[in-house]
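Below you'll find the structure, written out as structure tokens, and then a few comments.
The values are calculated or read from the model by the stated rules, or taken from the named source; none is laboratory data. Everything quoted here is computed from the prediction, not taken from an experiment. For neighbour counting, all protein chains shown are included, and Cβ atoms are generated from backbone atoms with ideal geometry for every residue, glycine included.
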Amino acid sequence: MESQRDAAPLGRFLTVADTAEVLNVSAQHVAELISSGELPAIRIGRSGPWRIEFPALEAFISGQYEEARRAGLWHQAQLTELAEFSGAPMLRPVPPLG
């Protein structure tokens, strides 16, 4: 059976810098996500550095995918409603080949 440490090569807890690298954002952006409560993190002691548990980061990423999926569905529904409202056929862009 795979241990948590095997699943996360960086260990159970990530630093803000490690998390920023995984997400390809700045450390400041990670700090803002922590401050807003979007990304759960813990601090050992009053002024210790923030630590993000690897499963919490995975859950955050999954949540971002779900949010993007829902936004795409909402946008698609809005296009459909617009076409139905106007009565005119709606042309959709064709993705480029290759």
Practice problem: Please state which one of Gly63, Gly72 is surrounded by 11 or more Cβ atoms within 10 Å (Cβ to Cβ) and within 30 Å of Pro93 (Cα to Cα). | Solution: Gly63
Exercise. Give the number of residues within region 2-47 that are out of contact with any helix residue (DSSP H, G or I) (no Cβ under 8 Å at 6 or more places or on another chain), among the aliphatic types (A, V, I, L, M) and modelled with pLDDT under 95.
Key: 1
